[in-house]
Amino acid sequence: MKKYDIAAFIWPSYTGKEPRAYQFWEQRIGEWQSVLSAESREEGQILPRKPLWGTVDEADPEVMEFQIKEALRHGVNVFIYDWYWYDRRPFLEQCLDDGFLKAKGNENMQFYLMWANHDAGYLWDKRQTDVKETIWYGSQPRSEFDIICRRVIDMYFKKPNYYKIDGRPVFMIYELSNLVRGLGGIDKTREALDCFRKLTIEAGFPGLHLQGVIYSENAVNISGVDSGKTGSSKDLVNMLGLDSVTHYQFIHFADMSRSYYDALKDVDAEWKRIHSEYSVPFYPHISVGWDNNPRYQHITYPIMKDNTPDKFKKGLEMAKEFSDKYNDVPLITINSWNEWTEMSYLEPDDVYGYGYLEAIRDVFTDEE
């Protein structure tokens, strides 16, 4: 069978090793604190869900050694780590640095970074979820951006198992508008990205593969100022010279209050639109589901209730078909490995067991 790059996002909050996170999760077990306190508030919800592997510390190399083996056994061969830079320093790097990269066998699993450059507020603090204030800004000025570039090149790109396309390290950017805002407009952002490419080449690589996350085709800020010129995602991708795009979550463009099958209809239509309108490769994305209620003390919507492993498998088959038809690089992204507070995870639980992982294995491998 053809080999696919099945890349699952990792939300690196399931550890107590990040001191800056204690303000959100004072029990010092990371966001497991919110998962364990979740409860059903509506018919059809199944909360809390219990992880079959336990509320483990994913910054522990022994934990990640086991998880790497289980991921590979089921066909997940790339981890995409959400990576943060707030207030002039990294945030939540421990799961990658201390867990994954120190785990035995990590060389068998590829990884790359998604710079989660969104603002941070009180969403992670269940006691204050509805407080609309910014704690840290995700947008960064050029001085900080240059530090970030050198850091990721030296610490991550040079790892032999860092994921590359045509030999070029892949670096994903979550919020393109926030990138432009921090760097001061399109021209200055393009200049900064060109410098990033140059530094990557100087480090011995043939180039840099910049990947953007796209939402819907709604207007986005392309001026770098709050009241400036607006455009579309297509505009930003072309203006910034990105090399490819993907999605991070169905919630960004599809109605998740319906059945999973109905949502997949929107997904299929969006993929076809992107393929026809964008000038760069689109790597198909499949989300497991959506229910953000573990982060709230009250009911919040939308809630997807019909995302069983067999229906998730249909989405995987769609992604495989799209990849085979349109892409030379067989990369498929999945949300996610462990987004328990958004109910979109592959890790086995007490409801579906290994069902989601088995769906990946069945679609993308010869294993039984």
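Just a few scattered comments:
- Oblate is the label for the range 1-160, because a/c, from the alpha-carbon gyration tensor with a ≥ b ≥ c as root eigenvalues, is 1.5 or above and a/b does not exceed b/c.
- Helical content alone sets the calculated 222 nm signal of the chain at -9000 deg cm²/dmol, taking -39,500 (n - 2.57) per DSSP H segment of four or more residues and averaging over every residue.
- For the chain, a crude dipole built from +1 on the beta carbon of Lys and Arg and -1 on the beta carbon of Asp and Glu, taken about the Cα centre, is about 780 debye to the nearest 20.
- Fewest-first ordering of SER279, SER244, SER232 by other beta carbons within 10 Å of each residue's beta carbon gives SER279, SER232, SER244.
- Charge tally in the Cβ shell below 9 Å around GLN45, where Lys, Arg are +1 and Asp, Glu are -1, GLN45 excluded: -2
- The simple spin-label model puts a point 7 Å past each Cα toward its Cβ; for ASP130 and ASP366 those points are separated by 5.6 nm.
- Formal net charge of residues neighbouring ASP306 (Cβ-Cβ distance under 9 Å; K, R +1; D, E -1): +2
- In sequence order, the range 162-177 has phi-based couplings of 6, 5, 10, 10, 6, x, 9, x, 8, 10, 9, 10, 6, 10, 5, 5 Hz under the Karplus curve 6.51 cos²θ - 1.76 cosθ + 1.60, θ = phi - 60°, and Gly or Pro positions carry x.
- For the range 1-49, GluC sites (Glu not before Pro) are listed when DSSP marks them as loop and at most 16 other Cβ atoms sit within 10 Å of their Cβ; the list is GLU26, GLU39, GLU42, GLU43.
- Across the range 80-95, coupling constants 3J(HN,Hα) worked out from phi with the 6.51/-1.76/1.60 Karplus curve, θ = phi - 60°, read 9, 8, 4, 10, 10, 9, 10, 6, 6, 7, x, 9, 6, 7, 4, 5 Hz, and Gly and Pro carry x.
- For the peptides 190-198, 176-184, the ranking by mean Cβ contacts within 10 Å, running from highest to lowest, is 176-184, 190-198.
- In this simple spin-label model, placing a label point 7 Å from the Cα along the Cα-to-Cβ direction at both LYS188 and ASP255 gives a separation of 4.1 nm.
- Net charge dipole size for the range 131-189 [Lys, Arg +1 and Asp, Glu -1 on Cβ; Debye, nearest 20]: 180
- Amide hydrogen neighbours beyond the local backbone of LEU52, cut-off 5 Å, H modeled: ASP349, ASP350
- In terms of surrounding Cβ atoms within a 10 Å radius of their Cβ, SER139, SER13, SER257 rank from fewest to most as SER257, SER139, SER13.
- DSSP beta bridges fully contained in the range 16-139 are about 40 percent antiparallel.
- Per-residue 3J(HN,Hα) values for the range 33-45, derived from phi via the Karplus relation 6.51 cos²θ - 1.76 cosθ + 1.60 with θ = phi - 60°, read 4, 6, 4, 5, 9, 5, 8, 6, 10, 8, 4, x, 6 Hz in sequence order (x marks Gly and Pro).
- Residue-count net charge about HIS209 - beta-carbon cut-off 15 Å; Lys, Arg +1, Asp, Glu -1: -1
- Extension gain (nm, one decimal) between VAL280 and ASP119, 0.36 nm per residue minus Cα-Cα: 55.2 nm
- Filtered trypsin sites (Lys or Arg not before Pro), the range 21-100: DSSP coil and at most 11 other beta carbons within 10 Å: ARG88
- Listed residue (TYR354, PRO281, ALA192) projecting farthest to the positive dipole end of the chain, Cβ model: ALA192
Read-outs: derived from the displayed coordinates by stated rules, not from any lab. These numbers come from a predicted model, not from an experiment. Neighbour counts run over all protein chains shown; Cβ positions are idealised from the backbone, glycine included.
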